[in-house]
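The values are calculated or read from the model by the stated rules, or taken from the named source; none is laboratory data. Note that the structure is a prediction, hence the values are computed from the model and not measured. Cβ sites come from the backbone with ideal geometry, for glycine too, and all protein chains shown count toward neighbours.
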Amino acid sequence: MANLTILVDNYVRAKGLLAQHGFALWCEAGSNRILFDTGAEGDVLRSNAEHLGVDLSTATDIVLSHGHWDHGGGLDVAMDLCSSARIWIPSGALLPRWHRSKSGNRDIALPQVVRSRLIVERKRWQEVSEPVELGSGIWITGPVPGARPDWTHRDLWRNELLDIPDDVPEEQAMVLDMPDGMVVVAGCAHYGIDNLLDRLGSLFPGRPLVSLVGGMHLESAPTQVVDRMVERLVAMGSRCLVPCHCSGWAAQARLHGKFGAHCEPGMVGKRLQF
Ligand SMILES: [Fe+2]
Ligand SMILES: [Fe+2]
């Protein structure tokens, strides 16, 4: 059995919880207690965990999906709260990165305080470049390969001034391989859901995908892409879809239209049991 609780998201479902642009999810499966992503800087992760009765000090693992501020900005706080957790960071997550647009340039890398701490406490974390089994049937995929679709990394660059594009090559997902199929947790899905499904197909051939939870980065994806994703998810046996964070309202509405009550938006405080 696995219990999932959304700790950080752009929206909340109850009074007393705090919203923040970002994502973090708590997963209890077997003897593992996993914090998948940490949200952005600040007190939101700690406050929501406390409010929801999640004891972060019991964490066995912290997993970072990728090196953006809204997923790893809270890592500094998480490292204090989850003092005995193993820490898994995908290769390249500490590099600089920028969002450039007409409205201005923004540094969207992991905050300096996090990067400095990771350099100083290098022995405390492990770099991930291949799939790793964290516990029985609990996997992180390592960087998801494949050419990224344009809408998943529009306006993202490695440098504020030089045109070095950044398609977030390091991003990874988490897979709970349960008796009736996989439960998959995505952070921001810059890899594109198609590439994620391909990766799952090669790592876990023939396994049904019962649920996909997390940021799906479909905000400006063409509707045909969303529809094709639905077809693939249905073909893989999906019966529970929980789009969070950066999934995009239009895509979520379309997913809801296809999955009905089996598609529920994820928000802080949402709990799922598999
Ligand atoms: Fe994000
Ligand atoms: Fe991101």
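Summary of computed values
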read-out: Unique match (being in contact with a Cys (Cβ under 9 Å, 6 or more places away or on another chain) and either closer than 25 Å to G142 by Cα or not β-branched (V, I, T) (or both)) among L118, L56, L75, L94; value: L56
read-out: Given (1) more than 21 Å from S247 (Cα to Cα); (2) surrounded by fewer than 20 Cβ atoms within 10 Å (Cβ to Cβ), index of the condition A49 fails; value: (2)
read-out: Condition met for R86 (under 18 Å from the mean Cα position of the chain (by Cα) and either at pLDDT below 95 or surrounded by fewer than 18 Cβ atoms within 10 Å (Cβ to Cβ) (or both)); value: yes
read-out: Any hit, segment 144-156, residues being part of a helix (DSSP H, G or I), of a type outside the set (S, T, N, Q), on the phi < 0 side of the Ramachandran plot and surrounded by fewer than 23 Cβ atoms within 10 Å (Cβ to Cβ); value: yes
read-out: Identity of the residue in segment 217-258, within 17 Å of the chain's Cα centre (by Cα) and farther than 17 Å from L4 by Cα, that ends up surrounded by the fewest Cβ atoms within 10 Å (Cβ to Cβ); value: E219
read-out: Hey, N32 surrounded by 22 or more Cβ atoms within 10 Å (Cβ to Cβ), more than 16 Å from the chain's Cα centre (by Cα), in contact (Cβ under 8 Å) with a residue 40 or more places away in the chain and away from ligand 1 (no atom under 14 Å from the Cβ) or not; value: no
read-out: Test: residue in segment 92-115 that is crowded, with 16+ Cβ neighbours inside 10 Å, under 25 Å from E50 (Cα atoms) and charged (D, E, K, R); value: no
read-out: Restricting segment 20-29 to residues that are more than 14 Å from ligand 1 (Cβ to nearest atom) and touching a residue at least 40 places away in the same chain (Cβ under 8 Å), the residue that is nearest to E133 (Cα to Cα); value: A29
read-out: Selected residue (criterion: farthest from ligand 1 (Cβ to nearest atom)) from residues of segment 35-52 that are touching a helix residue (DSSP H, G or I) at 6+ places or on another chain (Cβ under 8 Å) and aliphatic (A, V, I, L, M); value: A49
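The rows are residues; the columns are (1) within 16 Å of ligand 2 (Cβ to nearest atom); (2) under 27 Å from K15 (Cβ atoms).
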| position | (1), (2) |
| --- | --- |
| C188 | yes, no |
| D194 | no, no |
| H217 | yes, no |
| G248 | yes, yes |
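Okay, residues lined up against (1) more than 16 Å from ligand 2 (Cβ to nearest atom); (2) touching a residue at least 60 places away in the same chain (Cβ under 8 Å); (3) farther than 16 Å from P90 by Cα; (4) in contact with a Phe, Trp or Tyr (Cβ under 9 Å, 6 or more places away or on another chain):
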site: T5; (1), (2), (3), (4): yes, yes, yes, yes
site: N48; (1), (2), (3), (4): yes, yes, yes, no
site: T58; (1), (2), (3), (4): yes, no, yes, no
site: V63; (1), (2), (3), (4): no, yes, no, yes
site: G67; (1), (2), (3), (4): no, yes, no, no
site: H71; (1), (2), (3), (4): no, yes, no, yes
